[in-house]
Amino acid sequence: MFLFTGLGDNQCVANENWRESFERICAHTADAGNLSSKELNRLIAESDELLKIVEASDDPERKFYLIKLKRCRNFFIFMGDIQKNSENK
């Protein structure tokens, strides 16, 4: 059984398969420079939702995944800020 957290028009994050969602989200760090601000904002929102799920998990490796996911999220924010700054010049 899968429980989904709705993200509006964004993809849903599966509660049962949060590791798959983690891999999918963080895989985008490699191409973050080529993503639109809308795509970066979607990934940030998905990261926020997944952080809640991982924090509630009793997985022994949860701390590792939380740290990595926060780094991915922060990188998306950083890339979005770079885009905004380059548009303002």
(request) Determine the pairs where a residue that is within 21 Å of residue 78 (Cα to Cα) and in contact (Cβ under 8 Å) with a residue 24 or more places away in the chain, located within region 39-67, has a partner that is among the charged types (D, E, K, R) and assigned to a helix (DSSP H, G or I) with Cβ atoms under 7 Å apart, the partner being 6 or more residues away or on another chain. (result) 44/73; 47/73
(message) Show the residue pairs meeting these rules: Cβ distance below 6 Å; 6+ apart or different chains; first residue within region 76-89 and touching a residue at least 40 places away in the same chain (Cβ under 8 Å); second residue exposed (fewer than 15 other Cβ atoms within 10 Å of the Cβ).
(response) 80/37; 83/37
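Quick check on this structure: which one of 55, 46 is acidic (Asp, Glu), in contact with a strand residue (DSSP E or B) (Cβ under 7 Å, 6 or more places away or on another chain) and either in a helix (DSSP H, G or I) or under 11 Å from residue 22 (Cβ atoms) (or both)?
On the way: 55 fails: in contact with a strand residue (DSSP E or B) (Cβ under 7 Å, 6 or more places away or on another chain).
Testing whether each residue is acidic (Asp, Glu), in contact with a strand residue (DSSP E or B) (Cβ under 7 Å, 6 or more places away or on another chain) and either in a helix (DSSP H, G or I) or under 11 Å from residue 22 (Cβ atoms) (or both) leaves just 46.
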(request) Could you please find all residues in region 37-72 being closer than 25 Å to residue 83 by Cβ, touching a helix residue (DSSP H, G or I) at 6+ places or on another chain (Cβ under 8 Å) and among the small types (Gly, Ala, Ser)? (result) 37, 47
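We did not get these values from a lab; they are worked out from the coordinates using the rules stated. Note that the structure is a prediction, hence the values are computed from the model and not measured. Here Cβ is always computed from backbone atoms with ideal geometry, including for glycine, and neighbour counts include all displayed protein chains.
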